Amino acid sequence: MEQLVATADIGSSKIVAMVARKQYGQYHIIASETRTLDIEDQTKAFVKRGIITNIPTVAKTVAEMVAKLNQKIEPENLRLEKIYIGYGGQGLHSQMITMKRQIDGNPIAREDLESFLDELKEDQEYENTRTYFQSYFIDGNYDNNPEGKTGNTLQAQYLLLKGYNCKDLGKQIEERASKSIEVKRILVSPEATAYAVLEDNERKEGCALVEIGAGLTTVSIYHNNELKFMTTIPIGGYAITKDISSLKIPFAEAENHKIKHGNANKIQQDNISTDIPTDEDKLQAINNIIAARVKEIAANVNEQIIQSQHAANVRTVIITGGSASLAGLETIFVENTYRPVRIAISRRTFVKQDTEETIDKANSAVIGMFAMVKENCCKEIKKQVDPIQTGPSKKSVVETFKEMFFPDEETLKQSEAAGTLREKEAEKEKKKALEIEKQKQKAKEKAEKEAEKVNQPGFFDSISDFFFNDTTTDGNNNTPKQ
């Protein structure tokens, strides 16, 4: 069976789960489920800035979503067995580790390099750790292939991403799904986003991937096809909506205004009346708020690029996430990061469809996780066929008994028609048999006539004379010699 993948991404404002089929290197989404989380009252939110504060509630929600996905894929005779969960935000902590070995002029062996990883595995402070190799240094000089070379000291740099509560989350999801699903692995959501939106040349030449979510903004830097840096900024779309609601606008309405009418590039420096006397003034006040917050996010992103020590390798800035759709955002980021900016959705070479699900920038992480799934997540189920079942609807034993021994008028008509058809077929077969007998009789009579001709006097004599005459002639047809 072809590979089927199942993923779920846990964000601050919603949880998204999908099932997709891999076809010719691309993914085709066959089912999806979304649960929007209440973020208006942060005191009641169970995911705050990416940190899961109420694991049982999140686990229950994911288990319910898995059940819904199973209902959607059941017509294709499929059932989910495994799922991969994405987790990011401030629940993840990045840490740069530099490790050192004295080699005292000896050639560097493979065992020396592997010893660094062995030491990292001993770090048990966090439940889930992802390790990304950075670089090697021999006597302070960069060398990405040190094996066999000599020097006095060998250094290795690694980027570690660590997350809390990951294993406990997986166990609770399985329990609430009655062990019908296995949480195969907890993935790093920002890493998954990179799979979905980054082009190969961007990974290689160097870029900053900026994912603006509801609760926070994540900045990841890639160079030479490697993750070099990752951090989070505690400002996102929620902060913008909350500021807009301070204009005496209900939170839901403020969110709608932000998405549909807001433009960060249309600002007005004049003071706007807090009473908002007209719709025009209201929209202008909203735009001013959006612009101020977007500038703050962009300035923080630029500062993190500088602090990463990889600023020289950042050629472009790629922006995605639920808040990346704000009008005017691209212009403000260009002005504050001093680099070309691209607003990104999932690549068409990665995901096959062009639907509302795939063009939603908030779904980049859950789609990117497809590429990180290593096993088939679904099993094919065979439907049980009832031997009494003869049609699309199931019949009881009593109904079947009645049909057999007490048929209704329609059944009788069908039976009579079937009997008439059988009689016609029998008549055809009878005529066909008579015709064959006639042909046999004719053949017999013809054979007898031929036999009579053979038995006529002189017939065998002429044959005998022709084949067995003991006289011979010479080559000139002269009188035969005795």
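When the Karplus curve 6.51 cos²θ - 1.76 cosθ + 1.60 is applied with θ = phi - 60°, which whole-Hz ³J(HN,Hα) does each residue of region 222-238 get, with x for Gly and Pro?
10, 7, 6, 6, 10, 6, 9, 7, 8, 8, 10, 10, x, 9, x, x, 4
What does the charge count around Lys438 come to, taking other residues whose C-beta lies under 15 Å from its C-beta (Lys +1, Arg +1, Asp -1, Glu -1)?
Around Lys438, the surrounding residues sum to +4.
Could you pull out the pairs from Lys22/Lys171; Lys48/Lys184; Lys44/Lys179; Lys14/Lys44; Lys22/Lys72; Lys184/Lys382 whose alpha carbons sit more than 20 Å apart here?
Lys22/Lys171; Lys48/Lys184; Lys44/Lys179; Lys184/Lys382, as the Cα separations exceed 20 Å there.
Using a ≥ b ≥ c from the Cα gyration tensor of region 93-162 (square roots of the eigenvalues), is it rounded, prolate or oblate, where a/c under 1.5 gives rounded and otherwise the larger of a/b and b/c decides, a/b for prolate?
prolate
Residues with amide H under 5 Å of Gly151's amide H, sequence separation 5 or more or different chain, H placed in the peptide plane at 1.01 Å from N; which?
Those qualifying (amide H under 5 Å, at least 5 residues apart or on another chain) are Gly105, Asn106.
By counting other Cβ atoms within 10 Å of each Cβ, how are Thr232, Thr150, Thr320, Thr355 ranked from fewest to most?
Lowest count first: Thr355, Thr150, Thr232, Thr320.
Go through region 77-83 residue by residue and turn each phi into a ³J(HN,Hα) via Karplus (6.51, -1.76, 1.60, θ = phi - 60°); whole Hz please, and just put x for glycine and proline.
Once rounded to whole Hz, the list reads 6, 10, 9, 6, 10, 9, 8.
A short reminder: the numbers here are calculations on the coordinates, not readings from a lab. Just so it is clear, the structure is predicted and the values come from calculations on it, not from any experiment. Cβ atoms come from the backbone with ideal geometry, glycine included; neighbour counts cover every protein chain shown.
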